[in-house]
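Structure below; questions to follow.
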Amino acid sequence: MIKKVSKLLIICIFSICLTSCWDYEDVDKRSIVISIGIDQVKENVQFSGEIAKVTPSSETKEKPQVANVYNLVSYGKTFEEARIHYDAINPFPVFSGVTRVVVFGQNFANKGIEPYLNRIGHIYDYRKTLLAVVSREKPPELFNVKIEKDIAAGFLIEDTISNLDKRGKALYPTFGELLSNIALEEVGYVLPYVGIEKGAITYLGLAVMKNSKMIGEIDIVDTDGILYILAKNPRLVEAIHDPKNKENIFSFLTNIKKRKIKTNYKDGKISINIDLDLQAILRYQYYSRSISEQEIKGLEKIISQKVKHDIISAVKKAQNEFECDYFGFAKYFRADYPKVYEKIKWRDIFKNVHVNVYVKTKITNHNLVDPNAKKKYLKDEEYGKK
C-alpha cells in the first residue's frame with residue numbers, strides 16, 4: 001500500500017511541476033505516460049502506452065489524484081505518423097517525463113530497435129535512465145493484464161526488474177547505456193525478456209541484441225554465467241550435492257568480493273582473463289549434518305568449478321551460437337590495447353578469442369555447519385551487508 005501511494009505522489013508531484021502552481025484544472029488536463037509499447041504489426045509501427053488518469057480530489061480542488069490508468073494504441077508507417085495518430089486519440093497533451101519503461105514487442109525487436117533508441121536519445125521529454133525491455137507478447141497484451149497490487153503494468157515491470165537488479169539476479173539496462181553500446185558498434189547487449197505466464201507478467205530471462213536486433217533469448221535458468229560478469233553485485237544461489245549423500249543438497253548464496261577482467265595480446269592472439277573472488281554462505285542443508293574443515297575446502301572447490309563452468313558456457317554460447325559480444329569484452333581490450341583495437345574487426349575475431357576463467361571461493365560461515373549450534377540463516381537481501 002505504501003509503495004502504491006508513493007507512486008501516486010511521484011506522478012502528482014510531476015504533474016504539479018508542469019504548471020508551477022496548484023491549478024488542478026491544468027493538471028487534470030494532461031496525459032501522464034507511465035509506459036510505452038513499440039511493436040511492428042505488418043507494415044505499420046504500433047505505438048501503445050499506459051496513461052495515468054489524473055483527477056481533482058473530491059475533498060479539495062488543490063490536490064490532484066491518480067484514479068487509474070487507461071491504454072491507447074495507434075498505428076503508422078513511421079514513428080512520426082504513429083505518434084500523430086496517438087496524439088489524435090489522446091484527449092490531452094502528453095507528458096513523458098515520468099515514463100518508467102519502454103516495452104519493445106518481439107516483432108519490432110527482431111527488425112531492430114536502434115532507430116527508436118536514437119529517437120529517445122534526441123527527445124528531451126524522456127529520461128535517459130528509462131528502462132528498456134523486450135516482450136514475448138505484444139505490448140498492448142501486457143498493458144491489458146490485470147495487476148492486483150499495482151496501478152499499472154509499467155510500474156510492475158519496472159519494479160520487478162529493479163528489485164531483481166538490486167538483488168543481483170537480473171540486469172537493468174537504461175537507454176543511456178544502450179546508446180553508449182551502439183556508439184561502440186562492435187558490441188552487442190542483452191535486455192530483460194518478459195512475457196505473460198499463467199495470466200501474470202513474468203521475467204523470463206534475457207533477449208540477445210546484435211546490431212540492435214534481437215537474435216535469440218536466454219532462459220532465466222541459464223543466466224547465472226552472464227550475471228557473474230555483468231551484474232553490479234550478483235548474489236546467486238548455488239545448489240551443491242553432498243558428496244557423502246546424494247539426497248542431501250547444500251544451498252549456498254554467493255557474493256562477489258572481487259572481480260577483475262583483463263585482456264592480453266601476444267603473437268597476434270587475444271585472450272581475456274576473468275578473475276573472481278567469491279564469498280559463499282551456507283543457507284541450509286536438506287539434511288543437517290556436521291561438516292569437517294576438509295569437507296568445507298572441498299565444497300569451496302566444487303562451488304568454484306561450477307561457477308567457472310557457468311561462465312565458460314555463457315561465453316561459448318555468445319561466441320559460437322550468437323557470435324555476439326554482449327559481455328562488452330571489446331571495451332576492455334580497447335582500453336588495454338587501443339592501437340591494436342583500431343586495426344582489427346572485433347566482431348569477426350570475437351568467436352576466436354580465448355577466455356580464461358579463475359574462480360576462488362571462501363565459505364564464510366563455518367558456525368552454520370554444526371547442527372547443534374544456533375542457526376541464523378540470512379535472507380538474500382541481507383547478505384552482502386555483513
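A short reminder: the numbers here are calculations on the coordinates, not readings from a lab. Remember, predicted model here, so these are calculated numbers, not experimental data. Cβ coordinates were reconstructed from backbone atoms using ideal geometry, including for glycine residues, and neighbour counts include every protein chain displayed.
In whole angstrom, note down how far apart the Cα centers of the stretch 136-185 and the stretch 187-214 are.
Spelled out, the Cα-based centre of one part sits 9 Å from the other.
On to the next question. Which of the trypsin sites (Lys or Arg not before Pro) across the stretch 159-225 are loop residues per DSSP, with 14 or fewer other Cβ within 10 Å?
Hits after loop and neighbour filter: K198.
Between K257 and T78, what FRET efficiency comes out of the Förster formula 1/(1 + (r/R0)^6) with R0 = 51 Å and r the beta carbon distance, rounded to 0.05?
Values: r = 50 Å, r/R0 = 0.98.
According to the calculation, E is roughly 0.55.
Students often check this: by mean Cβ neighbours within 10 Å, which of 304-310, 38-44 ranks highest, and how do the rest follow? Don't skip to the end; give the middle numbers.
Working: 304-310: 18.1, 38-44: 16.0.
So the peptides 304-310, 38-44, ranked by packing, come out 304-310, 38-44.
Spin-label point model (7 Å from Cα, Cβ direction): what's the N71 to K301 distance in nm?
Computed distance between label sites N71 and K301 equals 5.5 nm.
Could you give the nm distance between label points at S162 and S180, where each point is 7 Å from its Cα heading toward the beta carbon?
2.0 nm
Sort 351-362, 106-117 by the packing proxy (mean of other Cβ within 10 Å over each peptide's residues), most packed first. Please report the intermediate quantities before stating the final value.
Values: 351-362: 16.0, 106-117: 18.6.
Ranking, from highest mean packing down: 106-117, 351-362.
I need S292, S48 ordered by Cβ neighbour count within 10 Å, fewest first. Kindly include the intermediate steps, with their values, before the conclusion.
Numbers: S292 9, S48 25.
Ascending number of Cβ neighbours within 10 Å: S292, S48.
Still on this model: Using label points projected 7 Å from each Cα along Cα→Cβ, tell me how many nm separate N264 and T202, to one decimal.
4.3 nm
On to the next question. Given Cβ point charges of +1 (Lys, Arg) and -1 (Asp, Glu) and nothing else, what value in debye, to the nearest 20, does the dipole of the stretch 224-369 about its Cα centre take?
Values: 28 positive and 17 negative charges, 88 e Å.
Result for the stretch 224-369 is approximately 420 debye, rounded to the nearest 20.
Mind listing the phi-derived Karplus ³J(HN,Hα) values for the stretch 152-165, rounded to whole Hz, using 6.51, -1.76 and 1.60 with θ = phi - 60°, and x for any glycine or proline?
7, 4, x, 4, 4, 4, 5, 5, 5, 5, 4, 5, 5, 5
While we're on this one: Within the set K262/K308; K210/K232; K317/K351; K331/K362, which residue pairs have Cα atoms separated by over 20 Å? Don't jump to the answer; show the numbers that get you there.
Values: K262/K308 16 Å; K210/K232 22 Å; K317/K351 10 Å; K331/K362 30 Å.
Result: K210/K232; K331/K362 exceed 20 Å.
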